[in-house]
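Each reported figure results from applying straightforward, stated rules to the coordinates on display, with no laboratory input. Being a predicted model, the structure only gives us computed values, none of them experimental. Note: ideal-geometry Cβ built from the backbone for every residue, glycine included; neighbour counts use all protein chains shown.
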Amino acid sequence: MNPTRLGRGRQAEAHPVRRVMLRASTLAVLGPLMGPAAVHAAEAGASEILIGQSAQLSGPLAPLTRELMQGASWYLDEVNGKGGVHGRRLRVITLDDGYVAARTAENVKRLIEVDKVLALFNLAGTPTTLAALPILEERKVPLVAPFTGSGALRRKLNPQVFNVRAGYDDELEQIVRHLSTIGVSKLAVAYLNNAFG
């Protein structure tokens, strides 16, 4: 047993919240893929379901992205170990965008047009995800579990986006509510000068 892998053996017991969150997130990814498109691809003889990801493999946010990718890969490994989805293995193709929105848009186009992914998964960051959104809407490719709480992905129903995390508005409301219960009455705010901020 690999003791560094959450979701297995004693490590899973030591981190039950992480295990539940990991499984819930991954099931959100698999849900859309188990639909008619996945079945059609299986009938066509495809041995894999290709999922695309543009992420920060370089730059200051790379450590955060690596943790997200590692967590998802553990559960995808488990799904593949049990036979995959409709007998097909899940494979994530990840391209580096360095948290540059224009590179994310280029990566998403390539993943759709060249790699022929069924869905996009876990794009990380608000400006990068927003840069990909028009392409996903035009090509009718789903985006599952974007790692952003941006209201721009929640203000109106978008049939291409499957959010699995709370929005920033909801998170901030709960933070402020909790701080008020413990007597905190003053807050300071620092923000990024980009779409996330």
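Each other residue within a Cβ distance under 14 Å of Ala102 adds +1 if Lys or Arg and -1 if Asp or Glu, for a net charge of 0.
Computed over the stretch 53-197, the range of Cα coordinates on each principal axis works out to 54, 35, 32 Å, biggest value leading. Need the list of lysines near Lys82 for cross-linking: C-alpha distance under 29 angstrom, and skip anything on the same chain fewer than eight residues off. Result set, ordered by chain and number: Lys116. Sparsely packed loop sites in the stretch 51-109 (the GluC sites (Glu not before Pro) outside DSSP H, G, I, E and B with at most 10 other Cβ atoms within 10 Å) do not occur.
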